[in-house]
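Report on the following structure.
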Amino acid sequence: SLSAHHISPYDHTAGVRWKTTWNNGEPVIDWTEWDAAMDDARRRYGFSDFRISSLGLGYGDEAKSHPGVIPGLGMKSTHPEYEKHIAKYLKAVESHLRETGRLKDAFLYCYDEPRLEADKIVREGLSLVAKYAPGLDRLLTAPVRDTLVGGPNIWCPIARDLHLPGSA
């Protein structure tokens, strides 16, 4: 039904994830199952644009925020070497998505309507993506705020915050 109505689901792969381990400080990513699930979703249903939910960055919603934790490494965003390692991971993910032709259809969406108090962690995480995986789009559902500028490159404003002609 989604395919027939040109609607892409949140998760094309029905929960299948790529698997990350680390070897001598370098990410080793097994894309086998994820690539197969993505290929199947495209072939069977015609799904294209897809969401990536975290990539080891902080994530959350309007109720709660969570610090980033690098997949396969378990290193938290508070660790002094976090940026060094997340940079390697982000570059590896972007590289694979580019090589497989999926980068143009991917977007990162790790925060849903963040509270003002979360703006710093949201912007810092999205800014890391902009710096180390600049080809990966970064979507944010939030009003445009100065404290977030520089993080997302796709803004999805909250409808209740829009002041349309003829509305109260």
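The values are calculated or read from the model by the stated rules, or taken from the named source; none is laboratory data. Predicted model only: the values in this text are computed from it and were never measured. Cβ sites come from the backbone with ideal geometry, for glycine too, and all protein chains shown count toward neighbours. Keep in mind that these areas ignore ligands, DNA and RNA; they rest on the heavy atoms of the full protein, side chains included. Shrake-Rupley method; radii C 1.70, N 1.55, O 1.52, S 1.80 Å.
Is it true that some residue in region 65-72 is open to solvent by less than 20 Å² (accessible area, probe 1.4 Å) and in contact with a Leu (Cβ under 8 Å, 6 or more places away or on another chain)?
yes
Does R98 satisfy the condition of being at pLDDT 95 or above and open to solvent by less than 50 Å² (accessible area, probe 1.4 Å)?
Considered against the rule, which asks whether it is at pLDDT 95 or above and open to solvent by less than 50 Å² (accessible area, probe 1.4 Å), R98 comes out as no.
Consider G60 carefully, then state whether it is buried (at least 18 other Cβ atoms within 10 Å of the Cβ), modelled with pLDDT under 95, in a strand (DSSP E or B) and of a type outside the set (D, E, K, R).
yes
Being open to solvent by less than 40 Å² (accessible area, probe 1.4 Å), outside any helix (DSSP H, G or I), polar (S, T, N, Q) and touching a residue at least 24 places away in the same chain (Cβ under 8 Å) narrows it down to one residue among S48, S54; which is it?
S54
If I ask for residues that are in a helix (DSSP H, G or I), out of contact with any Phe, Trp or Tyr (no Cβ under 7 Å at 6 or more places or on another chain) and either β-branched (V, I, T) or within 12 Å of G58 (Cβ to Cβ) (or both), which ones from region 119-153 would you list?
Passing the criteria: D119, K120, I121, R123, E124, G125, L126, S127, L128, V129.
Among (1) open to solvent by 40 Å² or more (accessible area, probe 1.4 Å); (2) closer than 16 Å to L97 by Cβ; (3) in a loop (DSSP other than H, G, I, E, B), there is one condition I7 misses while meeting the rest; what is its number?
Unmet condition: (2).
Any chance region 73-83 includes a residue that's surrounded by fewer than 20 Cβ atoms within 10 Å (Cβ to Cβ) and touching an Asp or Glu at 6+ places or on another chain (Cβ under 6 Å)?
No, because not a single residue in region 73-83 is surrounded by fewer than 20 Cβ atoms within 10 Å (Cβ to Cβ) and touching an Asp or Glu at 6+ places or on another chain (Cβ under 6 Å).
For residues in region 84-95 being without any contact (Cβ under 8 Å) to a residue 60 or more places away in the chain and open to solvent by 30 Å² or more (accessible area, probe 1.4 Å), which is farthest from I121 (Cα to Cα)?
It comes out as S95.
Would you point out which residue out of A130, A106 is touching a residue at least 24 places away in the same chain (Cβ under 8 Å) and small (G, A, S)?
A106
Mind listing whichever residues of region 17-38 are open to solvent by less than 80 Å² (accessible area, probe 1.4 Å), of a type outside the set (G, A, S) and farther than 18 Å from G56 by Cβ?
Matches in region 17-38: D35, M38.
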